[in-house]
Amino acid sequence: MTPLFAHGETMVWLTGGALALCLLMIVGLVVLVIGFGGGTFWPAPVVRVETLDGSVCMGEVTRDEGYRPERSLLEGVPADALDRTWAAIREGGGEAKRRLVRTGNFDLEGTHFRWIADYAVKDETRPEWALVIERLSWGRFYGEPKAFLVDGKPVAEAPADVWRAFEERHAEVRDRYEERRRLEREEIGDINRKIEEARLELRRTEIRRGKDSPEWKRQQAETERSAAELNAAFRAVRERIDALNRENARYELALVTAKGAEKTIPLAEVVRAYPSNRLGFGEKLGVYVARWGEYIWDEPREANSEGGVFPAIFGTVAMTLIMAVFVVPFGVLAALYLREYARAGPIVSVVRIAINNLAGVPSIVFGVFGLGFFCYIIGGGIDGLFYGERLPNPTFGTGGLLWASLTLALLTLPVVIVATEEALAAVPRSMREGSFACGASKWQTIRRIVLPRAMPGIMTGTILAIARGAGEVAPLMLVGAVKLAPELPVDGHFPFVHAERSFMHLGFHIYDLGFQSQNSEAAKPMVYTTTLLLIGIILVLNFVAVAVRTRLRRRLEGVLPQARTHA
Amino acid sequence: MIEESVRRGEKPAQRPVVAGFVSADEPVGPRAARPPSGLFDAVERGLPFETTVHDELRSCRAEVEIESFDLWYGAKQALFGITMSIPNGAVTALIGPSGCGKSTLLRSVNRMNDLILSVRCGGEMRLSGDSIYSKDTDVIELRKRIGMVFQKPNPFPMSIFENVVYPLRVDGVRDRHTLDEVCEKSLRGAGLWEEVKDRLKESGLSLSGGQQQRLCIARAIAGDPEMLLLDEPCSALDPIATGRIEDLIGELKGRYTILIVTHNMQQASRTSDYTAFMYLGRLVEFGPTGNIFLNPRLRETEDYVTGRFG
């Protein structure tokens, strides 16, 4: 009989097994992320739990786990419950179960979560009118409606009436709140910017002409006059804001917590409220979708553990695109020289080895280099030349979107060069010869024959670079990614794109939420959703690049788009 | 090395047998007048020898004149003192066993060997009197005067139209009317117009192998060259496509001077006016195709064209 290995069967199993293992790990990771990330925003029922020691709490169950209870913990348990407890623990193989309940009401109780052991539960109900309230500050609030107050006077007392009144008023209160935010951001922002510009203008004159020079004095008088105007404008805007605030302050929601404490929450503070236990599937879906919408399009609140991540999405996409804009032309040009023009020899070999080694340099080293070279040397130089009046506040001389993109471009350069070189080498010799024989010069051959033919391979390099660059975090910490960026790098003010601004990044956001958050239990689900989002964005970017590559490849294989429509 | 010595060892043993066969069965006739010249032995030993050129060639007007042309790949010499005149307006075939330098000689005419870094050459080559290898020759201008078709069809990854007008594109021609005109004329010249006139926008790679090769011929003649170099143009094609290309060579004859490398004796005898037989980097015999195939001067040439060797 032929030995088994002669058939090659063993290799089939080995290779197939390796592939299966890879798939299992990838699918496992994706399922984990989707499972946890996808479920975060689904509204959970609100439970009201009374424990054996007499305390009461209300909130959403976030997770449960088994644990081995200490004997001393069970001492306080009444005798009749003790037997039941031991029976349950024995049944669980010596493990007791406990649940983590998100109780919220941080302003009243100083904690967001509470562990409740199953054996300690005396009574558990789902109060029909328990409200989940997402607030602008202090996190979530769980309570039952008591009254709806207008100008401090209750206009509704029954839960159903209170809820109806709330639904009626909440939208307009939120609109007023948004209007107030807009005024603060745009109008007051405008005024502040003008004041800052006047100050910089004065400072510029001081640097150029010297203090107490006639120009400076004239400028100072000018500044003072405009400051007075701006102050008046500021007061006018302020008044409008105050009026909005006053109107909003009239509406309040009075609630009572499970412990019986009363709390009055101004309606403007409420981002979203819903009676979780009354919701049908459709309404829950509505809340779910609305939360995702907020998550994707809004700014973060509460140390990033609530609200949205729009600035981080924007920062990630902008950074990746700017990186691609820099790295692809540079990488392709460098690879062209290496492959097409450079005469093969020891120097080219050394350069090639150096490029390959560059791919293995730890990314944090690139971050340090980016900080030292881009931020401090180049950025500092730009500041000294063009933004002298703003010093000592750095403009370009600190981390920012541009420097982060350049650092990542440097980081991903080897990937692009190596992929492009391989793509160029794969262009058949006969193509080049055919072109040369037609009297084409080297550059014409490269531009008309070699590059189009190598384009799918170059796209592969770009895809790899994008995937690597978009997911990179470590160097960004040094060159411009921040926990919370006050402004987007793109806005309506000249020059519209502010590449020197620091930015938020989804990868850094994950790190910040997962490891730097004060409310880590609340932040944990957000880590999953952010991961899901980051993977999704990289997927979309890659998908676009793959689609372009497929199109190019199909054209090379001889099926032009026109030909397909004919057939 | 072993093969080499075996081959060398066999040849002296074979030759007397062949000679005996010829002298026994054909005591009279022209063949008996051609004893083995011992030329291959001389070539293998590196001794100098004289190329046999038939008298018919002396009266021809030459398109390309080659004088004592040598070529080295690094340290290895590939062409040894080639001297020949390629007649104007005719088809000249280069034949010879693999590795004899036919393709190298063909590619020397439009300096395609420049692309290989290790190549050095000596001697002289002239295209219509203009030196090919002098320092101030513009290679790009030279290549525009010579069209070339390769062993494997190599259409570019672009539309049929763009493939044909490529030589004009690299010259910067943009006038649509001119391009259309040249495209049609070249495709007609290559006998491809009727087949592709409705799908000029399709990729050149969507054509069959034979069509691709004719597309390459159309591309080679689009730049209106003086000369065509065909490097085994049918070796990757089936017999029907080969037949079409051969017919096409017949039609192009007269308009262009054609130099063709082929491994196929029938093809050489069918398509060419003159044939040059090469062996180990030397030009052995050069004469009108009829003479070379039916009445060669050298016994070695006869052995090769009749398939007794090579």
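The values are calculated or read from the model by the stated rules, or taken from the named source; none is laboratory data. What you see is a predicted model; the values in this text were computed from it and never measured. Every residue, glycine as well, gets a Cβ built from its backbone with ideal geometry; the counts of neighbours run over all protein chains shown.
Are any of the residues in segment B:134-147 closer than 30 Å to A:Gly345 by Cα, more than 24 Å from the chain's Cα centre (by Cα) and more than 8 Å from chain A (Cβ to nearest Cβ)?
yes
Is segment B:191-205 home to any residue that is in contact (Cβ under 8 Å) with a residue 12 or more places away in the chain and within 20 Å of the chain's Cα centre (by Cα)?
So the first thing to find is which residues in segment B:191-205 are in contact (Cβ under 8 Å) with a residue 12 or more places away in the chain, and the list is B:191-192, B:195-197, B:199-205.
Remaining after also requiring within 20 Å of the chain's Cα centre (by Cα): none.
No - not one qualifying residue is present in segment B:191-205.
Counting only residues that are closer than 22 Å to A:Gly315 by Cβ and not aliphatic (A, V, I, L, M), which one in segment A:518-536 is surrounded by the most Cβ atoms within 10 Å (Cβ to Cβ)?
Within segment A:518-536, the first condition is being closer than 22 Å to A:Gly315 by Cβ, and the residues that meet it are A:523, A:525-536.
From what is left, the residues that are not aliphatic (A, V, I, L, M) are A:525, A:528-531, A:536.
Working: A:Pro525: 18, A:Tyr528: 21, A:Thr529: 23, A:Thr530: 28, A:Thr531: 22, A:Gly536: 15.
Ranking the candidates gives A:Thr530 first.
Residues that are within 14 Å of chain B (Cβ to nearest Cβ), assigned to a helix (DSSP H, G or I) and under 30 Å from B:Val165 (Cβ atoms): does segment A:414-421 have at least one?
no
Could you please give the count of residues in segment A:483-504 that are without any contact (Cβ under 8 Å) to a residue 24 or more places away in the chain and among the aliphatic types (A, V, I, L, M)?
Total satisfying the criteria: 1.
Just to verify a result, which residue in segment A:259-284, among those that are aliphatic (A, V, I, L, M) and closer than 23 Å to A:Glu299 by Cα, is nearest to the chain's Cα centre (by Cα)?
A:Val271
Would it be correct to say that A:His566 is loosely packed, with under 14 Cβ neighbours inside 10 Å and at pLDDT below 85?
Considered against the rule, which asks whether it is loosely packed, with under 14 Cβ neighbours inside 10 Å and at pLDDT below 85, A:His566 comes out as yes.
Kindly establish whether B:Pro155 is closer than 23 Å to B:Ala241 by Cα, crowded, with 22+ Cβ neighbours inside 10 Å and within 14 Å of another protein chain (Cβ to nearest Cβ).
yes
Just name the residue that is farthest from the chain's Cα centre (by Cα) out of those in segment A:153-189 that are among the acidic types (Asp, Glu) and either surrounded by 15 or more Cβ atoms within 10 Å (Cβ to Cβ) or closer than 30 Å to A:Asn277 by Cα (or both).
So the first thing to find is which residues in segment A:153-189 are among the acidic types (Asp, Glu), and the list is A:157, A:161, A:167-168, A:172, A:175, A:178-179, A:184, A:186-187.
Checking the rest, the ones that are also either surrounded by 15 or more Cβ atoms within 10 Å (Cβ to Cβ) or closer than 30 Å to A:Asn277 by Cα (or both) come to A:157, A:161, A:167-168, A:172, A:175, A:178, A:187.
Details: A:Glu157: 41, A:Asp161: 39, A:Glu167: 31, A:Glu168: 33, A:Glu172: 29, A:Asp175: 26, A:Glu178: 22, A:Glu187: 27 Å.
The extreme case among them is A:Glu157.
In contact (Cβ under 8 Å) with a residue 12 or more places away in the chain and surrounded by fewer than 19 Cβ atoms within 10 Å (Cβ to Cβ): does that describe A:Glu128?
It is true that A:Glu128 is in contact (Cβ under 8 Å) with a residue 12 or more places away in the chain and surrounded by fewer than 19 Cβ atoms within 10 Å (Cβ to Cβ).
Quick one: B:Ala276 ticks every box in (1) surrounded by 22 or more Cβ atoms within 10 Å (Cβ to Cβ); (2) touching a helix residue (DSSP H, G or I) at 6+ places or on another chain (Cβ under 6 Å) except a single one, so which number is it?
All conditions pass for B:Ala276, except number (2).
Which of the residues spanning segment A:431-461 are at the interface with chain B (Cβ under 7 Å from one of its Cβ atoms) and more than 19 Å from B:Ile140 (Cβ to Cβ)?
Once the filter is applied, which keeps residues that are at the interface with chain B (Cβ under 7 Å from one of its Cβ atoms) and more than 19 Å from B:Ile140 (Cβ to Cβ), segment A:431-461 yields A:Pro452, A:Arg453.
Could you tell me whether any residue of segment B:251-260 is among the aliphatic types (A, V, I, L, M), closer than 19 Å to B:Gly147 by Cβ and either within 14 Å of chain A (Cβ to nearest Cβ) or surrounded by fewer than 24 Cβ atoms within 10 Å (Cβ to Cβ) (or both)? Spell out the reasoning first.
Taking segment B:251-260 and keeping what is among the aliphatic types (A, V, I, L, M), we get B:252, B:258-260.
The next check asks that each one be closer than 19 Å to B:Gly147 by Cβ; those that pass are B:252, B:258-260.
Then drop every residue that is not either within 14 Å of chain A (Cβ to nearest Cβ) or surrounded by fewer than 24 Cβ atoms within 10 Å (Cβ to Cβ) (or both), which leaves B:252, B:259.
Among the residues of segment B:251-260, at least one is among the aliphatic types (A, V, I, L, M), closer than 19 Å to B:Gly147 by Cβ and either within 14 Å of chain A (Cβ to nearest Cβ) or surrounded by fewer than 24 Cβ atoms within 10 Å (Cβ to Cβ) (or both), which makes the answer yes.
On the basis of being more than 14 Å from chain B (Cβ to nearest Cβ) and small (Gly, Ala, Ser), does A:Ala465 make the cut?
yes
For segment A:453-480, name all the residues that are within 30 Å of A:Val548 (Cα to Cα) and outside any helix (DSSP H, G or I).
Selection gives A:Glu472, A:Val473.
Quick one: what pairs do we get from segment A:76-94, first residue of a type in the set (Ser, Thr, Tyr), second in a loop (DSSP other than H, G, I, E, B), C-beta under 8 Å, 6+ apart or different chains?
That search, which allows pairs on different chains as well, returns A:Thr85/A:Val77.
Out of A:Pro428, A:Pro346, A:Pro392, which single residue is surrounded by fewer than 19 Cβ atoms within 10 Å (Cβ to Cβ) and within 14 Å of chain B (Cβ to nearest Cβ)?
Unique residue meeting the criteria: A:Pro428.
Does B:Gly99 satisfy the criteria of being touching a Phe, Trp or Tyr at 6+ places or on another chain (Cβ under 7 Å) and either away from chain A (no Cβ under 11 Å) or not hydrophobic (A, V, I, L, M, F, W, C) (or both)?
No, not satisfied.
Could you tell me whether any residue of segment A:109-118 is at pLDDT 75 or above, more than 25 Å from A:Ala130 (Cα to Cα), surrounded by fewer than 15 Cβ atoms within 10 Å (Cβ to Cβ) and among the aromatic types (Phe, Trp, Tyr)?
Checked against the condition, which is being at pLDDT 75 or above, more than 25 Å from A:Ala130 (Cα to Cα), surrounded by fewer than 15 Cβ atoms within 10 Å (Cβ to Cβ) and among the aromatic types (Phe, Trp, Tyr), segment A:109-118 yields no hits at all.
Considering segment B:78-118 alone, what residues qualify as being in contact with a strand residue (DSSP E or B) (Cβ under 8 Å, 6 or more places away or on another chain), surrounded by fewer than 21 Cβ atoms within 10 Å (Cβ to Cβ) and at positive phi?
B:Gly81, B:Gly89
Of all residues in segment B:206-219, which are more than 22 Å from B:Arg176 (Cβ to Cβ) and within 26 Å of the chain's Cα centre (by Cα)? Lay out the reasoning, then the answer.
Keep residues of segment B:206-219 that are more than 22 Å from B:Arg176 (Cβ to Cβ), which gives B:206-214, B:216-217.
Of everything in segment B:206-219, those that are more than 22 Å from B:Arg176 (Cβ to Cβ) and within 26 Å of the chain's Cα centre (by Cα) turn out to be B:Leu207, B:Ser208, B:Gly209, B:Gly210, B:Gln211, B:Gln212, B:Gln213, B:Arg214, B:Cys216, B:Ile217.
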